[in-house]
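For reference, the structure discussed in these notes is given below.
The values are calculated or read from the model by the stated rules, or taken from the named source; none is laboratory data. Just so you know, these numbers come straight off a predicted model, no measurement behind them. Cβ sites come from the backbone with ideal geometry, for glycine too, and all protein chains shown count toward neighbours. What goes into the accessible areas is simple: the full protein's heavy atoms, side chains included, and nothing from ligands, DNA or RNA. Shrake-Rupley method; radii C 1.70, N 1.55, O 1.52, S 1.80 Å.
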Amino acid sequence: MSMNSFGHLFRVTTWGESHGPALGATVDGCPPGIAINEGMIQQWLDRRKPGQNKYTTQRREADEVRILSGVFEGQTTGTPVQLMIENTDQRSKDYGDIAEKFRPGHADITYWQKYGVRDYRGGGRSSARETAARVAAGGLARAALATLAPAVQITGYMTQIGPHGIDRDRFDWDQIDQNPFWTPDAVAAAEWADYLDGLRKSGNSVGAIIEVVARGVPAGLGAPIYGKLDTDLAAAMMSINAVKGVEIGEGMAAAMLTGEENADEIFLGNDGEPVYSSNHAGGILGGISTGQDVVVRFAVKPTSSILKPRQTITKSGQAAEIITKGRHDPCVGIRAVPVGEAMMACVILDHILLHRGQIGGAVGETRGRIG
């Protein structure tokens, strides 16, 4: 029974550990004829790789991807695409002190309880390093989307770090790539820098909230009842290491609205397509995309490996104190932004293929035309 795969038609299986020789993804179901090369995938991995600034782990990994199969003369062949990323900067000795101890807030204890064995070197499979494989697969998904649904644009950004959120009145798409936090609020970025610098120097960590928006998604993706687009998006984001909550559209805040406030009013546009007054639904109604922006938000917990002493137990059940050495992200949410984008790309592509398989015709064709 494999639990390392996701997707229906565009199916991704990730493999490898944080301190193993390599990690990667096997992607099955990618359509043939998609133009792809290692550089097209590498651009997305470069956004996620560690050591790019003082606010992320100082582990130095090139994260260079190699395509081992499924591509011939620059195009996918329709057979499984194997993507591999070698690990080159492991420091397994940093984890010797925790071989017998469980880090509070970490999956150490649950892996031991389930399997009776665990790879303590960087957390093994539970490490956020696993997400590099997802980003590689997401790069392939983006290339396929560029061919099948070129209007789709996927952008992720941070909206909150610890208790400090952005001011949406200052939202600027152009700012997202201009600061180390991938935030659309330049003022917030400057404030976060001081805040996170203090946490980093004290050996502590903090959580974050990331929002991912897919613009240009055609109406009609997803299906009731168990094939909902938002069901798969929620599962995809929740599967990212350290994620503890997921929202679609208004999310939890919808509970505080009245029906009058929450209902996105519908009008007929000049082109005969529906136009909505707002987007509380996050671009999905009844599990099916409306043609509006698809908006997903997820919360990332603070990094569990910190220099602050915490109480724990050993594998033999003895009380102990633990301080985690090594190189760790003071806010792992920063590097979760490109991971969220990758998962969005994989799910959207998967549902385009599912829609095409069931309905046929061009992607985005409006069958129940209005007006």
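Return the only residue of Ile284, Ile322, Ile352, Ile334 being among the aliphatic types (A, V, I, L, M) and more than 27 Å from Val12 (Cα to Cα). Step by step, each of Ile284, Ile322, Ile352, Ile334 is checked, and only Ile322 is among the aliphatic types (A, V, I, L, M) and more than 27 Å from Val12 (Cα to Cα).
Kindly indicate whether Ile154 is touching a residue at least 40 places away in the same chain (Cβ under 8 Å), within 22 Å of Glu250 (Cβ to Cβ), open to solvent by 30 Å² or more (accessible area, probe 1.4 Å) and in a strand (DSSP E or B). When the stated conditions are applied, Ile154 does not pass them. Among the residues of region 198-238, just one is closer than 28 Å to Val275 by Cβ and among the polar types (S, T, N, Q), namely Thr231. For the residues Ile67, Ile109, the requirement of being open to solvent by 30 Å² or more (accessible area, probe 1.4 Å) and at pLDDT 95 or above singles out Ile67. Within region 139-149, the presence of a residue that is at positive phi, out of contact with any Lys or Arg (no Cβ under 9 Å at 6 or more places or on another chain) and not in a helix (DSSP H, G or I) is excluded. Of the residues in region 203-217, not one is open to solvent by 30 Å² or more (accessible area, probe 1.4 Å) and in contact with a helix residue (DSSP H, G or I) (Cβ under 7 Å, 6 or more places away or on another chain). In summary, Thr258 fulfils each of the numbered conditions (1) at pLDDT below 95; (2) exposed (fewer than 13 other Cβ atoms within 10 Å of the Cβ); (3) β-branched (Val, Ile, Thr) with the single exception of condition (1). All of Ala319, Ala242 fail the test of being at pLDDT below 95, in contact with a strand residue (DSSP E or B) (Cβ under 9 Å, 6 or more places away or on another chain) and among the hydrophobic types (A, V, I, L, M, F, W, C), apart from Ala242. Against the conditions (1) open to solvent by less than 70 Å² (accessible area, probe 1.4 Å); (2) over 14 Å from Leu285 (Cα atoms), Glu250 satisfies every one except (2). In region 189-202 there is no residue that is under 20 Å from the mean Cα position of the chain (by Cα), without any contact (Cβ under 8 Å) to a residue 60 or more places away in the chain and either surrounded by fewer than 24 Cβ atoms within 10 Å (Cβ to Cβ) or in a loop (DSSP other than H, G, I, E, B) (or both). Collect the residues in region 263-276 that are open to solvent by 60 Å² or more (accessible area, probe 1.4 Å) and not in a loop (DSSP other than H, G, I, E, B), keeping them in residue-number order. Residues satisfying the conditions are Ile266, Phe267, Leu268, Val275. In region 278-294 there is at least one residue matching the filter, namely being of a type in the set (Val, Ile, Thr), open to solvent by 10 Å² or more (accessible area, probe 1.4 Å), modelled with pLDDT of 95 or more and in a loop (DSSP other than H, G, I, E, B).
For region 213-228, filtering for residues that are closer than 21 Å to Leu9 by Cβ and not in a loop (DSSP other than H, G, I, E, B) leaves 3. Kindly indicate whether Gly20 is closer than 14 Å to Ile85 by Cα, modelled with pLDDT of 95 or more, of a type in the set (Gly, Ala, Ser) and more than 16 Å from the chain's Cα centre (by Cα). So Gly20 does not fit the description; no. The set of residues from region 24-55 being under 17 Å from the mean Cα position of the chain (by Cα) and either more than 13 Å from Ala144 (Cα to Cα) or modelled with pLDDT under 95 (or both) comprises Gly24, Ala25, Gln42, Gln43, Trp44, Leu45, Asp46, Arg47, Arg48, Lys49, Pro50. When we screen Leu83, Leu148 for residues that are open to solvent by less than 30 Å² (accessible area, probe 1.4 Å), touching a Leu at 6+ places or on another chain (Cβ under 9 Å) and closer than 30 Å to Asp293 by Cβ, the only hit is Leu83. Take the conditions (1) touching a residue at least 24 places away in the same chain (Cβ under 8 Å); (2) not in a helix (DSSP H, G or I); Arg125 misses just one of them, which is (2). For region 313-350, the tally of residues that are open to solvent by 20 Å² or more (accessible area, probe 1.4 Å) and farther than 21 Å from Val246 by Cα stands at 13. Restricting region 233-261 to residues that are in a helix (DSSP H, G or I) and under 13 Å from the mean Cα position of the chain (by Cα) leaves a set whose member that is nearest to Gly361 (Cα to Cα) is Leu233. Every listed requirement among (1) within 23 Å of the chain's Cα centre (by Cα); (2) on the phi < 0 side of the Ramachandran plot is met by Gly222 save one, (2).
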